[in-house]
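Contents: one structure, followed by commentary.
The values are calculated or read from the model by the stated rules, or taken from the named source; none is laboratory data. Being a predicted model, the structure only gives us computed values, none of them experimental. Using ideal geometry, Cβ is built from the backbone for each residue, glycine included, and neighbour counts are taken over all protein chains shown. For accessibility, only protein heavy atoms count, side chains too; no ligands or nucleic acids. Shrake-Rupley method; radii C 1.70, N 1.55, O 1.52, S 1.80 Å.
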Amino acid sequence: MFIAEVAFSTNKAHEQQLYDKVKKTQSELHDDVAGLIASEVWTKSKADDVEYVVVSKWEEKKDFQNWVARPSHVEEHKAMHKKSKNGEAEKPPFQKTLRQYTVVTF
């Protein structure tokens, strides 16, 4: 089994924007995704900071890689990068940390 943990953090002023992003991601994880076992969203806040963590469990790492490489996801990132590069949009006010794990069986 393979586990992907993606943590997004921001300040409270941008919490709704982050919430909407994570909600969209979570809904996409439940559209009959090949190899997906389960997913959850965790949150925590402290002072002016808020964090949402999407934890997904996959049969194999390649299943997660295939999901990330889906055309809609790739195009979304390309469009964001292009807008940011051309000065048409500000960089998203989020920090992202990706951690990946493999389950150890004893």
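Points worth noting:
- Residues of segment 60-76 that are in a loop (DSSP other than H, G, I, E, B) and surrounded by 11 or more Cβ atoms within 10 Å (Cβ to Cβ): GLU60, ARG70.
- Selection from segment 14-51 of residues that are touching a residue at least 24 places away in the same chain (Cβ under 8 Å) and either at positive phi or open to solvent by 80 Å² or more (accessible area, probe 1.4 Å) (or both): GLN17, TYR19, GLY35, ILE37, ASP48, ASP49
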